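Q: Sending over a structure as C-alpha cells; questions will come in a sec.
The values are calculated or read from the model by the stated rules, or taken from the named source; none is laboratory data. Because the structure is predicted, anything quoted here is derived from the model rather than measured. Don't worry about glycine lacking a Cβ; one is built from the backbone with ideal geometry, like all the others, and counts go over all protein chains shown. For accessibility, only protein heavy atoms count, side chains too; no ligands or nucleic acids. Shrake-Rupley method; radii C 1.70, N 1.55, O 1.52, S 1.80 Å.
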Amino acid sequence: MAHFPRRPPSGIKVIIVGAGFAGIAAAIECDRKGHTVTLLEKAESIEEITRFGDIISFDPNGARLFERWPGVIEAMYKVARKTSWLDLYHWKGEFVTRQSFAHEKSWGPRVNGHRGELYDIIYQHARDRGLDIRLGQRVTDYFEDDDKAGVVVNGEKVAADIVIAAEGVRSRGRKIVLGFDDKPKSSGYAVYRCWFSGDAIKDNALIRHLVANGDTHSGYIGPDLHFLVSSLKDGKEFNWVFTHVDDGNIEESWQFPGKIEDCLRYVEGWAPVVQEIVRATPKDARLIDHKLVFRNPLPTFISPKARIVLIGDAAHPFLPTSIQGASQSIEDGVVLASCLELAGKKNVPLAVRAHEKIRYERVHKAQATGVKTRERWHKANWDEIRKTPEAIHLAREAWLLNFDAEKDCYERYGEVVKGLEGGRARL
C-alpha cells in the first residue's frame with residue numbers, strides 16, 4: 001500500500017453516513033488527521049454513484065484541498081475541462097462578453113469535469129489509503145448520549161465518538177439535529193442536464209465549432225432561463241444544462257427523465273445555436289430534469305449533545321448558480337477533521353461546536369451567491385449590459401475563492417473555542 005502522510009493516531013472513532021463527495025472527502029480528511037473512519041454507503045456498488053451525473057465544478061477554495069491528497073489533482077487535470085474563460089451571449093445569439101478566470105491561478109486550481117470521473121479518482125484515493133468503506137449499508141436511525149453517537153445500520157447498532165451525516169438533502173440525520181422531520185421545498189426552478197459524445201455534433205455545420213477546436217465554455221442568458229454549454233477532452237465530450245422556472249411541486253422524487261420536445265418549448269425563439277444543441281442531442285443521451293430543492297438555512301448543523309453533525313447538502317443545499325455546493329462540502333470535511341484533531345478525543349463535542357461556529361456564517365454567505373447570480377442573469381437589463389458587459393459576469397470574490405479552509409481553521413480554532421467556553425461559563 002502506498003504511504004500517505006498522516007498525523008499521529010488521535011484515538012477518535014468516526015462514522016460517516018453517505019459516500020458522496022462530502023462524505024468521502026470527510027473520510028479522507030479524518031484519515032489524514034489520524035482519526036479512525038468507517039464510511040457507510042447505501043449503494044450496493046460504487047457504479048451506482050458514478051454512472052450518473054454530468055458536469056461538476058470545484059473552485060479554487062475546494063480544489064486546492066485536493067492538492068494535499070497525493071496524486072489526486074494530477075489525475076483530475078487529465079479529465080477536466082481545459083478552459084480559463086466563459087463566453088456569454090444574449091439569448092438571441094449576440095456575443096456579449098468573455099469572462100476570463102486566468103487571474104485566479106494564484107488562488108488555486110479550478111476543476112470542472114464529469115461528476116462520475118472525478119468521483120472515481122477520489123474514491124480510488126480513499127481505497128488506496130486503506131479506508132474502511134462499506135457498501136450496501138442502510139442507515140435507518142441515529143442516536144447519541146454524552147459519551148458516544150451511533151447509527152442503526154442494516155438493523156444493528158454501531159457506535160463511535162462522532163457521527164457525520166453526509167447523505168444529502170434527505171438525510172435522516174436532519175431529524176435528530178432539528179428535532180423534527182422537515183420536507184424540502186421547490187426552489188421554483190429546475191434544471192435540465194445532458195452529457196454525450198462530441199462525435200454526435202462534430203459534423204453539424206451550425207454547432208460543430210463547439211467541439212472542433214478543443215474545449216469550450218459558453219452561456220446564453222435570457223429571461224428566467226440560462227443555458228450553459230461546454231466541451232471537454234479536446235471536444236470529445238459535450239454537455240449542456242439549462243435552469244428554468246419550474247411549475248411543479250416537489251414530491252418524493254426530485255429527478256425525472258427529460259424529454260427533448262419539452263426542452264425545445266423552453267428555448268423557442270432562442271438563438272439557432274441553442275435550439276440546434278437541443279435538437280441534435282442523441283436519442284440515447286441521458287437527459288435529466290432535476291428539480292432544484294430549496295431549504296431554509298438550518299438554525300444549527302449539530303445535534304443537542306454535539307456528537308452528530310450534518311455536512312454537505314444535508315446541512316446546506318446550494319443552487320448550481322453559486323458554483324460552490326461541491327467546494328463547500330469539501331471545506332466541511334476539512335474543518336471538521338481539523339477541529340477534532342485540535343480538540344482531542346476527550347473534547348469531541350467541543351470540536352463539533354467549534355466546527356459549526358467556523359462554518360456557519362461562511363456557508364450561508366456562500367449560499368446567497370447562487371440567488372444573486374440567478375437574478376443577475378434572469379433579470380438582465382440588456383441596455384445597461386451593452387454599456388457595461390461585465391455586469392453579467394459571475395461574481396468571483398476573493399473572500400470566497402482565495403481561501404484555505406484548513407489554514408483558517410488552524411488559525412481561528414483557539415479564539416473560537418475561547419468564545420464558546422466563555423459563553424458556556426456565562427450560562
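Q: Could you put W382, W85 in order of accessible surface area, largest first, with the 1.4 Å probe and the full protein assembly present?
A: So the residues, ranked largest to smallest area, are W85, W382.
Q: A further question on this structure: Let me know the shape class of region 9-80, please: from the alpha-carbon gyration tensor, a ≥ b ≥ c as square roots of the eigenvalues, rounded when a/c is under 1.5, otherwise prolate if a/b is greater than b/c, or oblate. Let's see the in-between values first.
A: Working: a/c = 2.38, a/b = 1.21, b/c = 1.96.
Because a/c hits 1.5 or more and a/b fails to exceed b/c, region 9-80 counts as oblate.
Q: Rounded, prolate or oblate: which fits region 71-118, taking a ≥ b ≥ c as square roots of the Cα gyration tensor eigenvalues, rounded meaning a/c under 1.5, else prolate when a/b beats b/c? Provide the component values of the computation, followed by the final result.
A: Values: a/c = 4.29, a/b = 1.79, b/c = 2.40.
Oblate is the answer for region 71-118, as a/c is 1.5 or above yet b/c matches or exceeds a/b.
Q: I would also like to ask the following. May I ask you to give the solvent-accessible area per residue for the chain, in square angstrom, as obtained with a 1.4 angstrom probe?
A: Working: 18570 Å² over 427 residues.
Per residue, the chain has 43 Å² of solvent-accessible surface.
Q: For the residue pair L135 and K185, what label-to-label distance in nm results when each label sits 7 Å from Cα along the Cα-to-beta-carbon direction?
A: 3.8
Q: Compute the Kirkwood hydrodynamic radius of region 270-427, taking the inverse of the mean of 1/r over all pairs of distinct Cα atoms, and give it in Å to one decimal.
A: Answer for region 270-427: a Kirkwood hydrodynamic radius of 18.6 Å.
Q: Students sometimes get this wrong: rank E29, E94 by accessible area, probe 1.4 Å, all chains present, largest first.
A: On the way: E29 0, E94 85 Å².
So the residues, ranked largest to smallest area, are E94, E29.
Q: Please give me the summed charge of the neighbours of V273: other residues whose Cβ is under 13 Å from its Cβ, Lys and Arg +1, Asp and Glu -1.
A: That sum, taken over residues with Cβ under 13 Å, equals 0.
Q: Once the Cα gyration tensor of region 212-357 is found, what semi-axes does its equivalent ellipsoid get, as square roots of 5 times the eigenvalues, in whole Å, sorted largest first?
A: Each semi-axis is the square root of five times an eigenvalue, giving 40, 19, 12 Å.
Q: With n ≥ 4 as the cut-off for DSSP H runs, can you work out [θ] at 222 nm for the chain, using -39500 (n - 2.57) per run divided by the number of residues, rounded to the nearest 500? Kindly include the intermediate steps, with their values, before the conclusion.
A: Working: 14 runs with 149 residues, N = 427.
After summing the helix terms and dividing by the residues of the chain, the value is -10500 deg cm²/dmol.
Q: I want the antiparallel fraction of DSSP beta bridges within the chain, as a percent rounded to 5.
A: If I count the DSSP bridges inside the chain, around 75 percent turn out antiparallel.
Q: Could you work out the relative contact order of the chain, using alpha carbon pairs under 8 angstrom and six or more residues apart, expressed as a whole percent?
A: Taking the mean separation of contacting Cα pairs over the length of the chain, I get 20 percent.
Q: If the reach is capped at under 23 angstrom between alpha carbons, list the lysines near K42, excluding any in the same chain fewer than eight residues apart.
A: Here the lysines satisfying the reach criterion relative to K42 are K13, K148, K157, K175, K183, K291.
Q: Using 20 Å as the cut-off for backbone N distance, which residues of region 44-76 belong to the label zone defined by a point 7 Å from the Cα of S106 along Cα→Cβ?
A: 59-65
Q: Normalise the Debye intensity by I(0) for region 152-297, one equal point scatterer per Cα, no solvent, then take log10 at q = 0.16, 0.19 Å⁻¹ and round to two decimals.
A: Taking Cα atoms of region 152-297 as identical point scatterers yields -0.89, -1.09.
Q: So, one more: With all protein chains present and a 1.4 Å probe, how do K236, K157 order by accessible area, largest first? Numbers along the way, then the final one.
A: On the way: K236 130, K157 155 Å².
Putting K236, K157 in descending order of accessible area: K157, K236.
Q: Express as a percent, rounded to the nearest 5, the fraction of DSSP beta bridges in region 1-150 (both residues included) that run antiparallel.
A: Details: 11 of 19 bridges.
Rounded to the nearest five, the antiparallel share is 60 percent.
Q: Just the Cα atoms of region 54-183, one point each, no solvent: what log10 I(q)/I(0) does Debye give at q = 0.09, 0.15, 0.19, 0.22 Å⁻¹?
A: For region 54-183 at q = 0.09, 0.15, 0.19, 0.22 Å⁻¹, log10 I(q)/I(0) is -0.46, -0.93, -1.11, -1.24.
Q: Which of S218, I260, S231 sits farthest toward the positive end of the charge dipole of region 190-303, with +1 on the Cβ of Lys and Arg and -1 on the Cβ of Asp and Glu?
A: My answer, from the dipole projection, is S231.
Q: From the alpha carbon gyration tensor of region 296-361, can you work out the equivalent ellipsoid semi-axes (sqrt of 5 times each eigenvalue) and give them in Å, largest to smallest?
A: Semi-axes from the Cα gyration tensor: 22, 13, 8 Å.
Q: Still on this model: Per-residue accessible area for I302 at 1.4 Å probe radius, Å² rounded to 10?
A: Taking all protein chains as shown, I302 has close to 20 Å².
Q: Cα centroids of region 78-101 and region 278-303: how far apart, whole angstrom?
A: Distance between centres, Cα-based: 22 Å.
Q: Take K175 and V79, extend 7 Å from each Cα along the Cα→Cβ direction, and tell me the distance between the two endpoints in nm.
A: Once both label points are built, they end up 3.5 nm from each other.
Q: Right, something else. Please state the equivalent ellipsoid semi-axes for the chain: what are the square roots of 5 times the Cα gyration tensor eigenvalues, largest first, in whole Å? Present the calculation step by step, with values, prior to reporting the outcome.
A: Values: eigenvalues 292, 98, 93 Å².
Three semi-axes, in Å: 38, 22, 22.
Q: Provide the gained length on full extension for the span E397 to K418, in nm with one decimal, where the gain is 0.36 nm per separating residue minus the Cα-Cα distance. Mind dumping the intermediate values first?
A: On the way: separation 21, 0.36 × 21 = 7.56 nm, distance 2.97 nm.
Separation in residues times 0.36 nm, less the Cα-Cα distance, equals 4.6 nm.
Q: I'd like the orientation of helix 348-378 relative to the chain: the angle between its Cα long axis and the longest Cα principal axis, in ° from 0 to 90, rounded to 10.
A: For helix 348-378, the angle is close to 10 degrees.
Q: Testing the spin-label approximation: label points 7 Å from Cα along Cα→Cβ at E390 and R6. State their distance in nm.
A: 4.9
Q: If I stretch the segment between D262 and D203 completely, what's the gain in nm (0.36 nm per residue apart, minus their alpha carbon distance), one decimal? Before the final figure, lay out the partial values.
A: Working: separation 59, 0.36 × 59 = 21.24 nm, distance 2.49 nm.
Using 0.36 nm per residue and subtracting the Cα-Cα distance, I get 18.7 nm.
Q: Only Lys, Arg, Asp and Glu count, each charged at its Cβ (+1, +1, -1, -1), so figure out the dipole size of the chain about its Cα centre, rounded to 20 debye. Don't jump to the answer; show the numbers that get you there.
A: Working: 62 positive and 60 negative charges, 159 e Å.
The dipole of the chain has a size of about 760 debye.
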